[in-house]
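**Student:** This structure is in structure tokens; I'll ask about it shortly.
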Amino acid sequence: MRAFRRLLETDPMAVIWPAVIFALIMLAGWALRRLVLSALTAWTRRNRSRPGVILTEAVKAPFLIWTAILALHVALQSSELPARFTAWSAKTLLVLWIVSLTLLSMRLAGDLVRHYGDRVPGALPVTTLTENLAQLAVLLLGIALLLEGFGVQITPLLTALGVGGLAVALAMQDTLSNLFAGFYMAVAGQIRLGDYIKLATGEEGYVSDIAWRSTTILASSNNLVIIPNAKLSQTIVTNYNLPNKRIAAGFQVNVAFESDYEQVERILLEVVTEGARQIQGMVADAAPSVLLDPGFGDFWLGFSLNYQVAEFSYLGSVRAALRKRILKRFREEGIRLPYPARKVYFDRKTPAARSTGEAAGQ
């Protein structure tokens with residue numbers, strides 16, 4: 001500070017002139033920022049471009065940081081300040097520039113993966129895991145550039161990290177197993193965002209996210225079920241959205257044993273065929289069927305209705321709608337539903353008479 005005060009007293013222009021240059025460049029950068037953002041905003045509105053919105057939001061803050069870095073660099077390089085005041089500037093400004101560019105690129109990578117991930121053929125599903133992997137790749141590249149800027153050789157560092165990575169892998173077995181399990185599920189495509197899955201342990205719901213450690217599913221109770229990726233990859237999973245969303249469904253209808261089975265079969269087929277055209281969620285181009293199966297019961301005849309629904313969420317509503325139509329039609333046609341029936345036989349002989357008869361027989 002004393003040296004700086006002495007410099008101000010002896011040669012004030014050595015400080016004032018760099019400050020003026022800094023202020024002018026900042027003013028020009030601020031004006032350029034407004035011009036660029038206005039042009040990007042107008043282009044985005046005109047073309048309704050989502051990438052334009054992403055780029056506009058991403059460069060708002062870093063633009064001023066880059067302007068300040070440029071202004072400070074030009075001001076210091078054009079000044080006549082002593083070397084002890086300017087020696088640190090180049091390296092420091094380089095670090096700030098690389099850090100800001102890396103952060104901007106990480107944000108852009110995450111947003112672009114989220115926006116374009118589902119549109120690229122063969123790309124990984126857009127999950128938290130894929131976003132994190134894209135941002136991690138950008139971060140590693142930024143760190144490599146930063147090390148190169150300081151003259152640090154990357155090859156020996158990678159060798160040291162490879163040796164130390166064995167110890168880290170042993171200490172983080174659970175974390176790494178969840179990470180690789182999540183990556184495998186994302187690559188395999190057997191569990192995707194939005195799929196309705198059911199685990200062998202009973203948990204079921206829509207897949208809402210696949211992160212680096214766990215997979216989150218939204219249950220029908222509107223609660224989140226969080227499952228470690230390693231556990232999910234080791235259990236039996238039923239995916240109701242693969243190979244397509246169509247689901248073969250059906251239920252059993254029982255009628256009284258004395259009912260005319262041909263009449264019942266005709267009524268059920270008419271109801272389910274008409275329902276396929278009118279009930280939301282039923283697939284009209286898949287022919288329904290009615291079978292006398294399981295057939296004969298203790299006091300009923302059992303029929304099986306078979307049809308298809310568009311996706312899992314329609315199973316309950318379609319089944320309820322068909323049952324209402326069937327019940328209404330049965331009442332119109334006089335088809336009775338079965339009730340438990342048992343025949344009970346009574347021995348009219350009294351206990352005394354039975355004992356007397358038994359004694360006479362002896």
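**Student:** Of everything in the range 246-286, what is in a loop (DSSP other than H, G, I, E, B) and either over 32 Å from the mean Cα position of the chain (by Cα) or under 14 Å from K324 (Cα atoms) (or both)? Give them in sequence order.
**Tutor:** Result: F257, E258, S259, D260, I279.
Quick grid of which residues meet (1) closer than 30 Å to A186 by Cα; (2) basic (K, R); (3) touching a residue at least 12 places away in the same chain (Cβ under 8 Å):
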site	(1), (2), (3)
N241	yes, no, yes
N244	yes, no, no
A249	yes, no, yes
E262	no, no, no
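**Student:** Kindly list the number of the only condition in (1) among the hydrophobic types (A, V, I, L, M, F, W, C); (2) surrounded by fewer than 17 Cβ atoms within 10 Å (Cβ to Cβ); (3) modelled with pLDDT under 90 that fails for V225.
**Tutor:** (3)
**Student:** Related question: Inside the range 262-296, can you point out the residues that are of a type outside the set (D, E, K, R), under 30 Å from A341 (Cα atoms) and surrounded by 13 or more Cβ atoms within 10 Å (Cβ to Cβ)?
**Tutor:** Listed by number, the residues that qualify are Q263, V264, I267, L268, L269, V271, V272, S289, V290, L291, L292, P294.
**Student:** Residue under question is L193, and the condition is that it be out of contact with any strand residue (DSSP E or B) (no Cβ under 7 Å at 6 or more places or on another chain), closer than 22 Å to L315 by Cβ and in contact (Cβ under 8 Å) with a residue 40 or more places away in the chain; does it hold?
**Tutor:** no
**Student:** Also, quick follow-up: Just for the range 18-48: of the residues that are over 44 Å from the mean Cα position of the chain (by Cα) and buried (at least 16 other Cβ atoms within 10 Å of the Cβ), which one is modelled with the lowest pLDDT?
**Tutor:** Once the filter is applied, the top-ranked residue is P18.
The values are calculated or read from the model by the stated rules, or taken from the named source; none is laboratory data. Note that the coordinates shown come from a computational prediction; the quantities given were computed from them, not determined experimentally. Cβ sites come from the backbone with ideal geometry, for glycine too, and all protein chains shown count toward neighbours.
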